[in-house]
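Below: the structure, in structure tokens.
The values are calculated or read from the model by the stated rules, or taken from the named source; none is laboratory data. What you are looking at is a predicted structure, and each value in this text was computed from that prediction instead of being measured. As a convention, Cβ positions derive from the backbone with ideal geometry for all residues, glycine included, and neighbour counts pool all protein chains shown.
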Amino acid sequence: MQELYYLCPMNALKACIFDLDGVIVDTAHFHFLAWKRLTDELDIPFTTEDNEHLKGVSRVDSLHFLLRLAGKTLTPEAFEDALKRKNEWFLAHISTMTPADALAGIPAFLAELKSTGMRIALGSASKNARLILERIQLTHYFEVLIDGNQIEKAKPAPDVFLKGAEGLQLACHDCLVFEDGIAGIEAAHHAQMKAIGIGRQDVLHMADYVMPDFQGFTVGKLQDIWREMH
Ligand code: B16
Ligand code: MG
């Protein structure tokens, strides 16, 4: 038994795959403001609590969810038009973002990760991910950038994280995901990856570890957590 243990050592952590909204930056509020403007126009009741269900959910699936809330349907043309307008309003908010909008502790943690040689990728549902990373000037940390433009099946399907591992040319079990959304944690698990939830324990209880944010987080702590996960 002992011998077997040494023959099959725990695999070293080789890469971190980051979700964007809710992990690196808080764009959820901007998504909410844009959806709220649309739902007000369409006479759909929509609250900040409903918005929780849209975290990590693609733009198209979000609109389906909102229409279901009110039992409404739109013609294909009106549906496309609604998506377009919501995105224009969202982009207007994004254009005000600066590097100060990166979430607390993230720039320092990314810098430390990079200095240790850890591979870094992005796995976001957002079609605006590149633009957002550029606004907060963190693009250079990401060796591989997978976003909503490159995937057909949105989270909780594993595609975004599988493509991330593929882009890094690593096995899934060598990668760890940071996620704030329930759908994203499910996606990581469907990809056979461990996931650290960023947010509340009661919401993200299915994650392999949960922490509120990256403040004071270090690569040393990450390695301890990785060891405890195995
Ligand atoms: P877009 P993430 C997700 O980002 C957001 O959490 C979700 O609310 C949004 O609907 C989705 O991106 C699509 O965004 O409209 O910009 O394509 O958490 O996967 O980084
Ligand atoms: Mg997210």
Residue in the range 153-160 that is over 12 Å from the mean Cα position of the chain (by Cα), more than 16 Å from ligand 1 (Cβ to nearest atom) and basic (Lys, Arg) present: no
The range 109-146 - residue that is polar (S, T, N, Q) and within 13 Å of ligand 1 (Cβ to nearest atom) and, of those, surrounded by the most Cβ atoms within 10 Å (Cβ to Cβ): SER124
For HIS173: the one exception among (1) over 17 Å from the mean Cα position of the chain (by Cα); (2) closer than 22 Å to ASP61 by Cα: (2)
Close pairs from the range 73-91: first within 15 Å of LEU33 (Cα to Cα), partner not in a helix (DSSP H, G or I), Cβ under 9 Å, at least 6 apart: ALA82/LEU74; ASN87/LYS127; ASN87/ASN128; PHE90/THR27; PHE90/ASN128; LEU91/ASN128
Condition broken by ASP19, with the remaining ones in (1) without any contact (Cβ under 8 Å) to a residue 40 or more places away in the chain; (2) in the same structural domain as PHE178 (by TED's automatic domain parsing) satisfied: (1)
Residue check for LEU13: within 12 Å of ligand 1 (Cβ to nearest atom), surrounded by 14 or more Cβ atoms within 10 Å (Cβ to Cβ), under 22 Å from the mean Cα position of the chain (by Cα) and in a loop (DSSP other than H, G, I, E, B): no
GLU80 exposed (fewer than 15 other Cβ atoms within 10 Å of the Cβ), modelled with pLDDT of 95 or more and not in a loop (DSSP other than H, G, I, E, B): yes
All positions within the range 160-203 that are charged (D, E, K, R) and more than 13 Å from ligand 2 (Cβ to nearest atom): LYS163, GLU166, ASP174, LYS194, ARG200, ASP202
Answer from GLN215, GLN150 - the residue that is within 20 Å of SER115 (Cα to Cα) and either surrounded by fewer than 16 Cβ atoms within 10 Å (Cβ to Cβ) or assigned by TED's automatic domain parsing to the domain that holds LYS114 (or both): GLN215
Residue identified as under 18 Å from the mean Cα position of the chain (by Cα), assigned by TED's automatic domain parsing to the domain that holds LEU162 and surrounded by 16 or more Cβ atoms within 10 Å (Cβ to Cβ) among MET206, MET193: MET193
Residues being at pLDDT 95 or above and part of a loop (DSSP other than H, G, I, E, B) - total across the range 206-230: 10
Residue list for the range 149-170, filter: in contact (Cβ under 8 Å) with a residue 60 or more places away in the chain, in a loop (DSSP other than H, G, I, E, B) and under 14 Å from ALA121 (Cα atoms): LEU170
Test: residue in the range 37-50 that is in the same structural domain as PRO156 (by TED's automatic domain parsing), away from ligand 1 (no atom under 12 Å from the Cβ) and modelled with pLDDT under 95: no
